[in-house]
Amino acid sequence: MATPFHAQYLALVAEIEARFAVSRWTSGDAHLWPPARMDLYLDLYRQHVADPEAGRPSRVARGLRTLAHPLATLGRRDNVILRPHRADILFLGDGVSVERIDGAWEDRYGEPLMAVLEDDGARCLHLQPGRRTPWRRPTLAVDLITSAAQALAPLVRAPLDLPAHAEVVDFLARQGVPAPSLRPERLARRAVGLRARAQALGLVLDIAQPRLAFTTTWYAGLGSALALACRRRGILSVDVQHCPQGGRHKACGWAGAGAQGYTTLPALFWTWDPADAAHISAWADGHWHQALAGGHPRLGPFLDDANPRTRAWDERFRQAAGGDAQRDILVALQTTGPSATWDAVADRIAAGPPDWRWWIRRHPAAGPGHDRRHARLLALRGPNIRINPASALPLPALLRHMDAVVSLASGVAAEAVPFGVPALFLSADATGPFGHLAEAGHARVVADMEALIPTLAALPKASRRATQIPNLAAGLRRVEAIAASYRALWADA
């Protein structure tokens, strides 16, 4: 059952889209409701689930950080490129859905797709935000693009058109929902930033001239701006699924889109399975927006016991494990959650069965501040504790050998399903986005920390599910065909 917060959000936006003309909120050719709706989600999150330990930096601090990133980028030569080049395919990462493997960072979902495309002769241009280095492949630092967009902002202003805006705000107020992100001045700033980023990304597209543009987490960073820049040029923009959906995802269910869809939403959603594609197809028009069940880009090789690379990872796991254990348990850390929760997990591990082995995996987005949140967990030592190997191995290489996953509310629970690995959530909030996993018996919530060890002990041993291995090459060929149809649709519009 969904938590009140998540259920409230989905019900609110469904009613708003049914009653009010938010699909016509625009600034020039930029539809504002998609990014505004995601900002509304954050408003509700802060109201109901806000992390008291996570302070928001001041505007001055944010400005200094914005300047620091490109300045730091200019001094690097570790596979970071500063100028775009001609490419058949562009891939924009979110800076979070990444893994550091053998000393180099790679995009978890983009790298497998780019490898298949390059095997077929395509040239790719990889973009990522943030300061992570080195990258597995030459990577364009998008912090420079963000900085360029700030300079372009005064040149790309367009009037706001917000029909029924006052009614929407009044409706939310009557529901007890403060929505500071929907204030006109905030929407105006959002519109200017969105259009400026789209303009800057358009310069990249004009140089690269790709026929396809992929992204992960379209609603974060530059994703929505990329969708707008692609729409202006008839380039198919594709969002690659990066977390479980189950028909409940905050950014993948829409209603009331106009006859030509939303210019700030991706044109195509690549999903992990047919069920998620069906949920999107239920609202998408099949032209300006559609879905394709292409499969999880990362899992395929790890579902094949005969794959040579998978067997090599199995051997590396065995070396890191150092022998047999009665249970292998993955603790997937996140950058949210109070320290008290993680401290309680550390206490249970320290007092738990000595023949259980615990793999404590830091979140790829974690920094020193987040490590302080997990300090007691990361300070655990002993023959049954694995910390560095848990982050050094690819996630699927770990899941092949786990008996359970423990997290606050991590999407790792869904990626564990094909391996038959059950998941325990430590927060009831997880039942909002991941309630479908609980309903299917793949996950459950352990709200009482005293029950953690007994619940783990009662779980049956993991048993691999019969799962079809995704054919990424076939999926990408279908994307190419959709891209050709999209270009024709755009040319006739």
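The values are calculated or read from the model by the stated rules, or taken from the named source; none is laboratory data. Treat the numbers as computed from the prediction; the structure is a model and nothing was measured. As a convention, Cβ positions derive from the backbone with ideal geometry for all residues, glycine included, and neighbour counts pool all protein chains shown. Only protein heavy atoms, including side chains, enter the accessible area calculation; ligands, DNA and RNA are left aside. Shrake-Rupley method; radii C 1.70, N 1.55, O 1.52, S 1.80 Å.
Observations on the model:
- Here the range 463-490 is the region considered, the condition is being open to solvent by 40 Å² or more (accessible area, probe 1.4 Å) and assigned to a loop (DSSP other than H, G, I, E, B), and the residue that is farthest from W272 (Cα to Cα) is S463.
- Residue match in the range 439-456 (condition: within 22 Å of the chain's Cα centre (by Cα) and farther than 28 Å from R357 by Cα): no
- Flag for A493 being in contact (Cβ under 8 Å) with a residue 60 or more places away in the chain and closer than 18 Å to D273 by Cα: no
- Within the range 83-93, being open to solvent by 30 Å² or more (accessible area, probe 1.4 Å), touching a strand residue (DSSP E or B) at 6+ places or on another chain (Cβ under 7 Å) and closer than 20 Å to R197 by Cβ holds for one residue alone: P84.
- Residue in the range 360-368 that is at pLDDT 95 or above and not small (G, A, S) present: yes
- Qualifying residues in the range 273-285 (those that are open to solvent by 40 Å² or more (accessible area, probe 1.4 Å) and out of contact with any Phe, Trp or Tyr (no Cβ under 7 Å at 6 or more places or on another chain)) - the one nearest to N471 (Cα to Cα): D273
- If only residues of the range 1-43 that are outside any helix (DSSP H, G or I) and modelled with pLDDT under 95 are counted, the one that is nearest to W288 (Cα to Cα) is A2.
- Residue selected from the range 361-394 under the condition more than 21 Å from the chain's Cα centre (by Cα) and hydrophobic (A, V, I, L, M, F, W, C), by the criterion most open to solvent (accessible area, probe 1.4 Å): A379
- Of everything listed in (1) of a type in the set (A, V, I, L, M, F, W, C); (2) open to solvent by less than 40 Å² (accessible area, probe 1.4 Å); (3) at pLDDT below 95, the single unmet condition for A227 is (3).
- Residues being open to solvent by 20 Å² or more (accessible area, probe 1.4 Å) and either under 17 Å from E439 (Cα atoms) or outside any loop (DSSP other than H, G, I, E, B) (or both) - total across the range 398-410: 1
- Applying the condition of being open to solvent by less than 50 Å² (accessible area, probe 1.4 Å) and either of a type in the set (S, T, Y) or out of contact with any Leu (no Cβ under 7 Å at 6 or more places or on another chain) (or both) to the range 334-346 and asking which residue is modelled with the lowest pLDDT yields T336.
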